[in-house]
Amino acid sequence: MIKGICGRWLVATLTASAVLTSGCTDSVDADELPGVYRNDVTGGEILLESDGTFSATAVSTDSLPDPADFSGRWEFVDSSSSRDFIYLTIDDNRLGKTAGIQLYTSGRGTVEFGTPDKPPSLVLTRVAAP
């Protein structure tokens, strides 16, 4: 009897967790990602081009404490085991040992620097192209 109650409790808890977690992030259409994303507080900006290239201007995060400009190629990763993200491959190793950075998508017109298990270190919101 105890096993049955515990088993049902575990299934109910896992189901509730899955529903809550899936509600936290919206699905992202990779074709809608190109555009300009900006943080109005820091002035940092990322431009994702439709040809798969990107440029970053005055971006600072936990891993990049000083504002940096860099560019390269971007690729959307539709992850089944974690949050979806945009992988930024940086040209010319401009950031030293950092060859690439993950930029997490939220599906609400924002992208975030950080890791999936911590609060974002920088949030950029989509803006109209200049």
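The values are calculated or read from the model by the stated rules, or taken from the named source; none is laboratory data. Here the structure is a predicted model, which means the values were calculated and not measured. Using ideal geometry, Cβ is built from the backbone for each residue, glycine included, and neighbour counts are taken over all protein chains shown. Ligands, DNA and RNA are excluded from the accessible area calculation, which covers all protein heavy atoms including side chains. Shrake-Rupley method; radii C 1.70, N 1.55, O 1.52, S 1.80 Å.
Got a sec? Which of GLY52, GLY100 is open to solvent by less than 70 Å² (accessible area, probe 1.4 Å), touching a strand residue (DSSP E or B) at 6+ places or on another chain (Cβ under 9 Å) and at pLDDT 90 or above?
GLY52
Search the range 32-44 for residues that are outside any loop (DSSP other than H, G, I, E, B) and pair each with any residue that is open to solvent by 20 Å² or more (accessible area, probe 1.4 Å) and of a type in the set (Lys, Arg) when their beta-carbon atoms are under 9 Å apart and the residues are at least 6 apart or on different chains.
Note: pairs meeting the criteria are GLY35/ARG126; VAL36/ARG126; TYR37/ARG126; ARG38/ARG126.
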